[in-house]
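This report refers to the structure that appears directly beneath it.
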Amino acid sequence: VSTGITESSSDPTISTNPSGGVGTEWMNTTSGEVYICTDATAGANVWTNVGAGTGDVEPYSFPGTQYGYTSGGYAGGGTQSNIIEKFSFTTTSNATDVGDMTGGRSSPAGCSSLTHGYVCGGNNQGDAAPFNIIDKFSFSTDGNASDIGDLAVQSTSLRCGGSSQTNGYTFGGNCNPSPNNAIQKFSFSSDGNASDIGDTHYSANDMAPNSSGTYCYHSGGIPAVNSIGKVSTSTDGNS
């Protein structure tokens, strides 16, 4: 049963709530793209592009639905791993080695976009050799990471990374001999360096990260602290 076609000069959005529900057709009269509503959830609608077949309009989904990844770490005997491993979210099985970082590192921070994973900073031997590298690897094809930029503040034991739909974040870290409170941000849409956009409200390394669609969180860390910090992903600033 046809629910009719809505004609508009712009694309639908996730908050475009169609009265006809699933199956509603939407035509962008400017671009010629055609969308079908495939999930009519108020404020979180999904509009599937049936014209070009790409560029669907749907809510941001974090942290993913298919695979988890781990990157780097201490391999024992004074060596640092450069391995990128992948494991399935849909089946119970072991992880597989799918690629290499640009170098072995311990304690990096991890970030994720919808299409790529990022590995930021870390150290080579304890706290003596910090890295400022931002590595990037693809989720769609297995393979090695590439160096796509540098952190603004070099840290060894970073570990705390966060993500929004558009940017990656790191929080704090050990600048040897003292921890720092830097909040750093880099873009997912274009490769490049991170910028220092604010401060955490306490200085620590090895903080625990969490991310929602609108905020990144950091908690705990070394030296021992029980604080939880929150950072908006819509505006730069302090936690």
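Please go through segment 2-57 and give me each residue that is touching a residue at least 12 places away in the same chain (Cβ under 8 Å) and at positive phi, ordered by number.
Of everything in segment 2-57, those that are touching a residue at least 12 places away in the same chain (Cβ under 8 Å) and at positive phi turn out to be Gly4, Gly21, Gly23, Gly32, Gly43, Gly55.
Is there a residue in segment 89-100 that is within 18 Å of Gly192 (Cβ to Cβ) and in a strand (DSSP E or B)? Don't jump to the end; show me each part of the working.
Taking segment 89-100 as the starting set, the residues that turn out to be within 18 Å of Gly192 (Cβ to Cβ) are none.
Checking segment 89-100: not a single residue is within 18 Å of Gly192 (Cβ to Cβ) and in a strand (DSSP E or B).
Can you pull out the residues in segment 87-115 that are of a type in the set (D, E, K, R) and surrounded by 19 or more Cβ atoms within 10 Å (Cβ to Cβ)?
Passing the criteria: only Arg105.
Any chance segment 137-159 includes a residue that's in a loop (DSSP other than H, G, I, E, B), at positive phi and out of contact with any strand residue (DSSP E or B) (no Cβ under 6 Å at 6 or more places or on another chain)?
For segment 137-159, residues in a loop (DSSP other than H, G, I, E, B), at positive phi and out of contact with any strand residue (DSSP E or B) (no Cβ under 6 Å at 6 or more places or on another chain): absent.
Which of the numbered conditions does Gly117 fail, given that it passes all the others? Conditions: (1) closer than 24 Å to Asp191 by Cα; (2) without any contact (Cβ under 8 Å) to a residue 24 or more places away in the chain.
(2)
Which of the residues that make up segment 184-202 are part of a strand (DSSP E or B) and more than 22 Å from Leu114 (Cβ to Cβ)?
If the condition is that a residue be part of a strand (DSSP E or B) and more than 22 Å from Leu114 (Cβ to Cβ), then Asp196, Gly198, Asp199 are the ones that fit.
Output the residues belonging to segment 203-233 that are assigned to a strand (DSSP E or B) and surrounded by 18 or more Cβ atoms within 10 Å (Cβ to Cβ).
If the condition is that a residue be assigned to a strand (DSSP E or B) and surrounded by 18 or more Cβ atoms within 10 Å (Cβ to Cβ), then Asn205, Pro209, Ser211, Cys216, Tyr217, His218, Gly229, Val231 are the ones that fit.
Just name the residue that is farthest from Pro130 (Cα to Cα) out of those in segment 151-191 that are of a type in the set (Val, Ile, Thr) and open to solvent by 20 Å² or more (accessible area, probe 1.4 Å).
Ranking the qualifying residues of segment 151-191, first place goes to Thr166.
Is it the case, given these coordinates, that Gly149 is closer than 11 Å to Ala194 by Cβ and at pLDDT 90 or above?
yes
Being among the small types (Gly, Ala, Ser), loosely packed, with under 13 Cβ neighbours inside 10 Å and more than 19 Å from the chain's Cα centre (by Cα) is true for just one of Gly43, Gly51. Which residue is that?
Gly43 is the lone residue from the list that is among the small types (Gly, Ala, Ser), loosely packed, with under 13 Cβ neighbours inside 10 Å and more than 19 Å from the chain's Cα centre (by Cα).
So which strands (runs of 3 or more DSSP E) are wholly in segment 9-85 and hold at least 3 residues that are β-branched (Val, Ile, Thr)?
Strands (runs of 3 or more DSSP E) meeting the threshold: 34-39.
The values are calculated or read from the model by the stated rules, or taken from the named source; none is laboratory data. Please read these numbers as outputs of a predicted model, since none were measured by experiment. Note that we place each Cβ from the backbone using ideal geometry, even for glycine, and neighbour counts take in every protein chain shown. Note: accessible area is taken over every heavy atom of the protein model, side chains too, but ligands, DNA and RNA are not part of it. Shrake-Rupley method; radii C 1.70, N 1.55, O 1.52, S 1.80 Å.
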